[in-house]
Amino acid sequence: MRIVLLSCLYTYVACAQRANDSPAAGAPAAFVREMLAAHNRLRARVGVPPLVWSQQLAGLAQKWADTLIESGAFHPRGDHRFGENLFEVAGRPATPEEAVNTWASEARNYDYEANSCSARCGHYEQVVWRDTKSVGCGVARDNRREIWVCNYDPLGNLNGERPY
């Protein structure tokens, strides 16, 4: 199994899965509930308001994830409109909880008092960014890998600002 993370400050990227085999296609209620619950549990721990689901972000996410799978790539879209977290796993499917928990694991690298990271922590910061109001996610997969991306609006990870 291989897990890859990519976080882009000030960028938009999407998370989705092909419509014919996607738990995210059309944003089924269970997928939306699980993704929001995973995000909002983490946000509650630091005292920031819960996120709401954005079908618009999820739709954009689906299109981008499909593009990444079809091209064999794994990189941010780069249009700087939304925050983004990417997660890639090979060899097996993942769950919303696993994707968000992987991003959340970066909390150990974040020092709130110093507002600094000892290593990667941008995924975590985006999930708990106090001003972010909505999220849209999805999953794309082929026969060897799965890509998850969540888009956040407004984006977080603003230089010099604390996430919460």
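The values are calculated or read from the model by the stated rules, or taken from the named source; none is laboratory data. Small disclaimer: the values here were computed from a predicted structure and weren't measured. So basically every Cβ, Gly included, is an ideal-geometry build from the backbone, and we count neighbours across all protein chains shown. Heads up: the accessible areas ignore ligands, DNA and RNA and are worked out on the full protein's heavy atoms, side chains in. Shrake-Rupley method; radii C 1.70, N 1.55, O 1.52, S 1.80 Å.
Using θ = phi - 60° in the Karplus curve 6.51 cos²θ - 1.76 cosθ + 1.60, the 3J(HN,Hα) couplings for segment 38-49 round to 4, 5, 6, 4, 5, 5, 4, 4, 10, x, 10, x Hz; x is entered for Gly and Pro. The accessible surface of segment 95-151, taken with every protein chain in place and a 1.4 Å probe, is 46 percent carbon and sulfur. With both labels modelled 7 Å from their Cα along Cα-to-Cβ, the residue 115 to residue 95 distance reads 3.7 nm.
Summarising the label geometry, the points placed 7 Å from Cα in the beta-carbon direction at residue 46 and residue 79 lie 2.7 nm from one another.
In a fully extended conformation the segment linking residue 162 and residue 67 would gain 30.9 nm over its present Cα-Cα distance, using 0.36 nm per residue.
In this label model, residue 108 and residue 55 are separated by 4.0 nm, measuring between points 7 Å along each Cα→Cβ vector.
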